[in-house]
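Chemist: Structure below; questions to follow.
The values are calculated or read from the model by the stated rules, or taken from the named source; none is laboratory data. From a predicted model like this one, the values you see are computed outputs, not experimental measurements. Here the Cβ positions follow ideal geometry from the backbone for every residue, glycine too, while neighbour counts run over all protein chains shown.
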Amino acid sequence: MTLAARFASAAVLLSIFFFPPSLRAETPSRGDAFVTAAIAEPSNLLPLFASDSASAEISRLLFNGLVKYDKDLKLVGDLAAGWDVQAGGTVIVFHLRKNVVWQDGKPFTAADVEFTFRKLTDPNVPTPYGGDFEAVKSLEVLGPHVLRVTYKEPFSPGLASWSMGMLPKHLLEKEDLLKTAFARRPVGTGPYKLGKWKTGESVVLLANDRYHEGRPWIDRYVYRVIPDQATSFLELQTGGLDLAGLTPLQFRRQTDTPFFRDTYRKYSYPSFSYVYLGWNLDHPFFSDVRVREALDLSIDRKEIIAVTLLGAGRTTTGPFLPGTWAYDEAVPEPAFDPARARRLLAEAGWKDSDGDGVLEKDGKPFSFTLISNFGNDQRKQACEIVQRRLADVGIDANVRLVEWGTFLKEFIDKRRFEAVCLAWQLGRDPDVYDIFHSSKRAPGQFNFVGYSNPEVDRLLEEGRRLFGESERAAVYKKAHAILARDRPYTFLYVPDAMPVVHRRFREVEKAAAGIGHNFVRWWVPAGERRYRSLREA
Amino acid sequence: MGRYLARRIAGAVPLLFGITFLSFAVIHLAPGGPVEAKAGLNPKMTAQAREKLATLYGLDKPLVERYRAWLGRAVRLDFGESFADGEKVSVKIGRAVPVTLLVSGLSLVLVLLVGIPLGVYSAVRAGTRADSLVSGIVLFGFSAPTFWIALGLMSFFGVTLQWLPVTGLHSLFHEEMAPLERAVDLAWHLVLPVAVSAFAGLAAVTRFMRGSMLEALSQNYVRAARAKGLSEPRVLYRHALRNALLPVVTLVGLSVPGLLGGSVIFESIFSIPGMGSLFYASVFSRDYPVIMGILVLGAVLTLVGNLLADLAYAAVDPRIRLE
Amino acid sequence: MKPRWTFWAAAGWLAFVALAACAGPVLFSGAASAMDFARVLAPPSATHPLGTDSLGRDLLARIVCGAGASIGVGVVSVAISMGVGVLVGAASGYFGGWRDRVLMGLADVLLCFPVLFLILAVIAVLGPGVWHVIVVIGLTSWMGTARLVRAEIFSLKEREFALAARALGAGHTRILFGHLVPNASGPVLVNAVLGVSVAILLEAGLSFLGLGVQPPTPSWGNLLTDGKATLGAAWWLVFFPGVAIFSTVLAANVIGDRLRDSLAGERHIG
């Protein structure tokens, strides 16, 4: 070794000695609690019934599926160590991990998977997730840790559907899932087990010592119910919450105080959702594609993002998340061109013959109602801006907000609407069959705008049959381009998710999947803990 | 008297029928339903799953049949299970009642402790600036929207000064605290909600007390007492106040059944899981069994309250005859 | 008696509010909906004396326009509830017997009613609109007035003037509406004034729950609720609508109080 190198290595060794302990490589240790809050209470922790966001969030900590998405949004094994796709995609063989036990100590086996599958496809069990499993022809247990799933035809979203939480056969076999006490005292395989559930107040989860990936470092996970947004922000300002989602206003203007900078870290990344205007394609106004194009051109999305989201969002041109493999970046960004919009409307026969500022055709003014639901300030404001921009080109739009339950049953399910402003939560898999396929236009189904295009139908069917990401990408990108041209929706924007996390948590890492992907690895150094740790068992 | 009571109670029965049937009808005919509330815009929810849920909730049967089924169970005090999570309705309500009672009860006590003296003070100093000041303060509490006051106080005492906790009735992990610590924790959390609630209710009692006291003070017996040479405090408290207190106490007594109502706005702001929150949540998720349970409870309490009111009016005003 | 200036201040404020309620929606609706994206969430200044909201709309114009909705809800719903309450209470108190029992039974039923639900049902089935809220509030708040009128009529109908009228051969309607009701009208009027203030607060509460006047039409209730979302960043959006509600309710209460005091004086003499 040269003199310089020896010197350097000595310096390094000495510095490790003299550096303060907090700057040395830190080792995780157990303790503390993590407190988060939401507006709604969880209703049912069983993964089969956990459809609302509160239940789903907690259920994911209590149960595991066979597969899950990693931080780069790739499917990896969760309870399954691996799988083989065979016979052109009609057969998937899962090899399960052998070291997984239920929270009561019994081992997890393929029998539990088979039991869960039977319940998912049981016509007497009203689970919202049954749809994905209808395509399965059979499931056979080949061994305690091997099973074979055979599909009626190749069905690639099926693989992702196995992220459904698995239920323990030995505890639920004789129970009626809808009435069982298990729903309030669940036993899963997940990193946390249920500690205490105080209805209307909070749910406390305790770390599971037997978790197959290793016990989580954070002892307790507390989910508080705080019905009012303004109040939960006040709680954040007293340090009472460790994680909270911020509104654009809070993110931009209210969290630059020294207190906030010292206490929390802010993150921002595109959320898995998009906001759109849906046009009822059976309505005489909106069945003409020139009119839809004119509507598109009349709305300045950048303005909506700047004003309602304070810039915390981006435009989108299709039903996939921008930046993911199914999204076609080549589709041009939406333009804002009211002059051209007016020309298109004139072409389609709309003229302002009586000078009142509103276009007419065949004696009928271009007037319609845009409905949306209560409870989302940003969308409400977006509707008001849309109303103003449409008025500029001579279209009279009335904004009406409806309560959610009524909205779904009376307007969406019965197709009694002219235009809606809504958002879709995007699944990790880009399969949008249920939303845009022509077979899903019946009342109660989700192609409620009534879109039908045989080419798109064919592409969506093909997308479900292919398994390779690049092949599926090609198909979905073509569908994206057609949807952007046909405009059954006016795609408005993808809002950013803006969580803040208390600074004391280590290992928080922002990735394509957000920040929660490695929650079991988060930890707090002993000197910074806020809550009493669990006594060692 | 006994006959009147018996008749009233007998008359209450068809009334309860009417109330429950009308409520049942309106609830079930209102748009939206529990299935839609559960399903939301979840594309994975199949039509069959929805049908299954609908059958489970009995939504496929005609209204009258459903009412009869509900009634049959209700007379046995079995109000069924919640649609949201299957828990028994009586358990759900039983958990929310003490919470609401605690806050409303304490608030009532505070209102009485502050309102009665304030009312007496105002009456004695009637017409002066002190009287106007008291009126002004008290009316402020009554006139400003509760959530406005609440948010203001929470911001100031909770965030700026950090003296008081902002939400809820307990700190986290309060089960692990010693009983004394737990009591203190609860008390600390109750300060803001009870104060806001009392502030809003102060006006009624203070003004009523003032009016009642003024009326008592103008009576002949007070003038006689003064003429006899009794000291002013004695006149006030031994004579006037005792008579003035009766209507106020009656008023307060009659509002006791209403304590169970719980304001949804108030509870939503303070994150208190009481009757108001329960009712609101069940209305928006169309959780019919819970809604009916709460309505029956409310109906019974209102009828009891009305009966007490009529008895009290008759006792106080001899011109009103009970027929 | 309290100093006179409170009464005149209250009356003056109410007159101003009434004027704003009538003229506002006509004169200021343009200003209330004009969005100025360059001045979003601006604090009070020369151009916007009360500041702007999250879409850049002038708050002063919106409050003036909002007066129309809020006062409208207050006054009209009270008018309806007073009307129904007086009719029911008068009939009940005067005729007594089974009619009284049926009417009071109806009142009891409505008292226990889920007003929230009724509002939801009406709004969804008949469409949105401040009118539906008004009608529902009106039809579910007449019970207090009815009871009050009933009690008054009970005690009044045995008084000399009533007996005299009957002796003279006057018909029921004439006795009721010519003599009894006007004598009972004092407390009813007080109730009405106070009822307006309650209705305004009720509208604010309904807006909090999302069931009041729907945006983009401003009302004090929905302005306050919108302001709540920006709490901390824009104090003026919460403060000024709250002040508007509070001052109006306070003024109505002062006037109602004064009315009650002067009526109480009269009744002692009478």
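Chemist: Can you confirm whether A:L408 is within 30 Å of the chain's Cα centre (by Cα) and facing chain B (nearest Cβ under 10 Å)?
Modeler: Yes.
Chemist: Condition (residue is away from chain B (no Cβ under 14 Å), closer than 26 Å to A:R464 by Cβ and over 25 Å from the mean Cα position of the chain (by Cα)) applied to the stretch A:111-120: is it met by at least one residue?
Modeler: Yes, because at least one residue in the stretch A:111-120 is away from chain B (no Cβ under 14 Å), closer than 26 Å to A:R464 by Cβ and over 25 Å from the mean Cα position of the chain (by Cα).
Chemist: Here is a follow-up. Let me confirm something: among B:L102, B:L22, B:L63, B:L53, which residue is touching a His at 6+ places or on another chain (Cβ under 7 Å) and either assigned by TED's automatic domain parsing to the domain that holds B:L295 or without any contact (Cβ under 8 Å) to a residue 40 or more places away in the chain (or both)? Step through it out loud before you land on a result.
Modeler: Details: B:L102 fails: touching a His at 6+ places or on another chain (Cβ under 7 Å); B:L22 fails: touching a His at 6+ places or on another chain (Cβ under 7 Å); B:L53 fails: touching a His at 6+ places or on another chain (Cβ under 7 Å).
Result: B:L63 is the single residue among B:L102, B:L22, B:L63, B:L53 that is touching a His at 6+ places or on another chain (Cβ under 7 Å) and either assigned by TED's automatic domain parsing to the domain that holds B:L295 or without any contact (Cβ under 8 Å) to a residue 40 or more places away in the chain (or both).
Chemist: Can you find a residue that is surrounded by fewer than 19 Cβ atoms within 10 Å (Cβ to Cβ), in contact with a Lys or Arg (Cβ under 9 Å, 6 or more places away or on another chain) and hydroxyl-bearing (S, T, Y) anywhere in the stretch A:268-275? Explain how you work it out, then say what you get.
Modeler: So the first thing to find is which residues in the stretch A:268-275 are surrounded by fewer than 19 Cβ atoms within 10 Å (Cβ to Cβ), and the list is A:268-269, A:272-273.
Narrowing further to those that are in contact with a Lys or Arg (Cβ under 9 Å, 6 or more places away or on another chain): A:268-269, A:272.
This time we only want the ones that are hydroxyl-bearing (S, T, Y), so: A:268-269.
There is at least one residue in the stretch A:268-275 that is surrounded by fewer than 19 Cβ atoms within 10 Å (Cβ to Cβ), in contact with a Lys or Arg (Cβ under 9 Å, 6 or more places away or on another chain) and hydroxyl-bearing (S, T, Y).
Chemist: Let me ask another. So which of B:S171, B:S231 is more than 30 Å from B:T250 (Cβ to Cβ) and free of Cβ contacts under 8 Å to residues at least 24 places away in the same chain?
Modeler: B:S171
Chemist: Pick out the one residue from A:F94, A:F133 that is within 14 Å of chain B (Cβ to nearest Cβ), in contact (Cβ under 8 Å) with a residue 12 or more places away in the chain and surrounded by 19 or more Cβ atoms within 10 Å (Cβ to Cβ).
Modeler: Being within 14 Å of chain B (Cβ to nearest Cβ), in contact (Cβ under 8 Å) with a residue 12 or more places away in the chain and surrounded by 19 or more Cβ atoms within 10 Å (Cβ to Cβ) holds for just one of A:F94, A:F133, which is A:F133.
Chemist: Give the stretch A:199-242 a look and list any residue that's more than 7 Å from chain B (Cβ to nearest Cβ) and assigned to a helix (DSSP H, G or I), or say none.
Modeler: Answer for the stretch A:199-242, where residues must be more than 7 Å from chain B (Cβ to nearest Cβ) and assigned to a helix (DSSP H, G or I): A:Q229, A:S232, A:F233, A:L236.
Chemist: Also, quick follow-up: Out of the stretch B:118-174, which residues are in contact with a Gly (Cβ under 7 Å, 6 or more places away or on another chain), aliphatic (A, V, I, L, M) and at the interface with chain C (Cβ under 8 Å from one of its Cβ atoms)?
Modeler: If the condition is that a residue be in contact with a Gly (Cβ under 7 Å, 6 or more places away or on another chain), aliphatic (A, V, I, L, M) and at the interface with chain C (Cβ under 8 Å from one of its Cβ atoms), then B:A144 is the only one that fits.
Chemist: I would also like to ask the following. Considering every residue within the stretch B:84-91, establish whether at least one is surrounded by 21 or more Cβ atoms within 10 Å (Cβ to Cβ) and either assigned to a loop (DSSP other than H, G, I, E, B) or touching a residue at least 12 places away in the same chain (Cβ under 8 Å) (or both).
Modeler: yes
Chemist: Here's another thing I want to ask about it. Is one or more of the residues making up the stretch A:336-352 assigned to a loop (DSSP other than H, G, I, E, B), at pLDDT below 90, of a type in the set (D, E, K, R) and surrounded by 15 or more Cβ atoms within 10 Å (Cβ to Cβ)?
Modeler: yes
Chemist: Determine whether the stretch C:111-134 contains at least one residue that is under 20 Å from C:G205 (Cα atoms), at pLDDT 80 or above and assigned to a helix (DSSP H, G or I).
Modeler: yes
Chemist: Related question: Restricting the stretch C:220-233 to residues that are farther than 15 Å from C:C65 by Cα and among the polar types (S, T, N, Q), which is farthest from the other protein chains (Cβ to nearest Cβ)?
Modeler: C:T225
Chemist: Looking at C:P218, C:P187, which one is closer than 27 Å to C:A11 by Cα and in a loop (DSSP other than H, G, I, E, B)?
Modeler: C:P218
Chemist: Right, another one. Of the residues B:V159, B:V194, B:V184, which is in contact (Cβ under 8 Å) with a residue 24 or more places away in the chain and β-branched (V, I, T)? Quick ask: steps written out before the conclusion?
Modeler: Numbers: B:V159 fails: in contact (Cβ under 8 Å) with a residue 24 or more places away in the chain; B:V184 fails: in contact (Cβ under 8 Å) with a residue 24 or more places away in the chain.
That would be B:V194, the only listed residue that is in contact (Cβ under 8 Å) with a residue 24 or more places away in the chain and β-branched (V, I, T).
Chemist: Return only the number of the condition from (1) surrounded by fewer than 18 Cβ atoms within 10 Å (Cβ to Cβ); (2) within 14 Å of another protein chain (Cβ to nearest Cβ); (3) within 29 Å of C:R260 (Cβ to Cβ); (4) without any contact (Cβ under 8 Å) to a residue 60 or more places away in the chain that B:R242 does not satisfy.
Modeler: So B:R242 meets the others, but not (2).
Chemist: Name the single residue, out of those in the stretch C:234-270 being modelled with pLDDT under 80 and within 9 Å of another protein chain (Cβ to nearest Cβ), that is farthest from B:L151 (Cα to Cα).
Modeler: Filtering the stretch C:234-270 for residues that are modelled with pLDDT under 80 and within 9 Å of another protein chain (Cβ to nearest Cβ), the one farthest from B:L151 (Cα to Cα) comes out as C:H268.
Chemist: Here's a follow-up. Please note which helices (runs of 4 or more DSSP H) are completely contained in the stretch C:1-97 and include at least 1 residues that are within 14 Å of chain B (Cβ to nearest Cβ) and at pLDDT 85 or above.
Modeler: Because the criterion is at least 1 residues that are within 14 Å of chain B (Cβ to nearest Cβ) and at pLDDT 85 or above, the helices (runs of 4 or more DSSP H) in the stretch C:1-97 that meet it are C:4-27, C:59-95.
Chemist: In the stretch C:197-219, how many residues are within 12 Å of chain A (Cβ to nearest Cβ) and either over 16 Å from A:F374 (Cβ atoms) or among the charged types (D, E, K, R) (or both)?
Modeler: Final tally of qualifying residues: 1.
Chemist: While we're looking at this one, here's another question. Could you check, for the stretch B:30-52, whether at least one of its residues is part of a loop (DSSP other than H, G, I, E, B), surrounded by 16 or more Cβ atoms within 10 Å (Cβ to Cβ) and away from chain A (no Cβ under 13 Å)?
Modeler: Scanning the stretch B:30-52 turns up no residue that is part of a loop (DSSP other than H, G, I, E, B), surrounded by 16 or more Cβ atoms within 10 Å (Cβ to Cβ) and away from chain A (no Cβ under 13 Å).
Chemist: B:G80 - would you say it is modelled with pLDDT of 85 or more and more than 24 Å from the chain's Cα centre (by Cα)?
Modeler: yes
Yes/no matrix, rows are residues, columns are (1) aliphatic (A, V, I, L, M); (2) more than 10 Å from chain C (Cβ to nearest Cβ):
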site: A:G318; (1), (2): no, yes
site: A:L370; (1), (2): yes, yes
site: A:Q387; (1), (2): no, no
site: A:D392; (1), (2): no, yes
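Chemist: Can you tell me which residue within the stretch C:202-215, out of those that are touching a Gly at 6+ places or on another chain (Cβ under 8 Å) and part of a helix (DSSP H, G or I), is nearest to C:S33 (Cα to Cα)?
Modeler: C:S207
Chemist: I would also like to ask the following. State whether one or more residues within the stretch C:160-167 are farther than 21 Å from C:D261 by Cβ, of a type in the set (D, E, K, R), touching a residue at least 40 places away in the same chain (Cβ under 8 Å) and within 14 Å of chain B (Cβ to nearest Cβ).
Modeler: Restricting attention to the stretch C:160-167, the residues satisfying the condition of being farther than 21 Å from C:D261 by Cβ are C:160-167.
Checking which are of a type in the set (D, E, K, R) leaves us with C:160, C:166.
Narrowing the set further to residues that are touching a residue at least 40 places away in the same chain (Cβ under 8 Å) leaves none.
Scanning the stretch C:160-167, I find no residue that is farther than 21 Å from C:D261 by Cβ, of a type in the set (D, E, K, R), touching a residue at least 40 places away in the same chain (Cβ under 8 Å) and within 14 Å of chain B (Cβ to nearest Cβ), so the answer is no.
Chemist: Of C:A199, C:A164, which residue is assigned to a helix (DSSP H, G or I) and farther than 26 Å from C:A61 by Cα?
Modeler: The match here is C:A164.
Chemist: Those residues that are out of contact with any Lys or Arg (no Cβ under 8 Å at 6 or more places or on another chain) and assigned to a strand (DSSP E or B), I need them from the stretch A:276-290; list them, please. I'd like the intermediate steps shown before the answer.
Modeler: First, the residues of the stretch A:276-290 that are out of contact with any Lys or Arg (no Cβ under 8 Å at 6 or more places or on another chain): A:276-278, A:281, A:283-285, A:287-288, A:290.
Within the stretch A:276-290, A:Y276, A:L277, A:G278 meet the criteria.
Chemist: Taking the criterion of being crowded, with 20+ Cβ neighbours inside 10 Å and more than 26 Å from A:E329 (Cβ to Cβ), would at least one residue in the stretch A:448-462 satisfy it?
Modeler: yes
Chemist: Taking into account only those residues within the stretch A:287-316 that are surrounded by fewer than 23 Cβ atoms within 10 Å (Cβ to Cβ) and polar (S, T, N, Q), which is farthest from the other protein chains (Cβ to nearest Cβ)?
Modeler: A:S287
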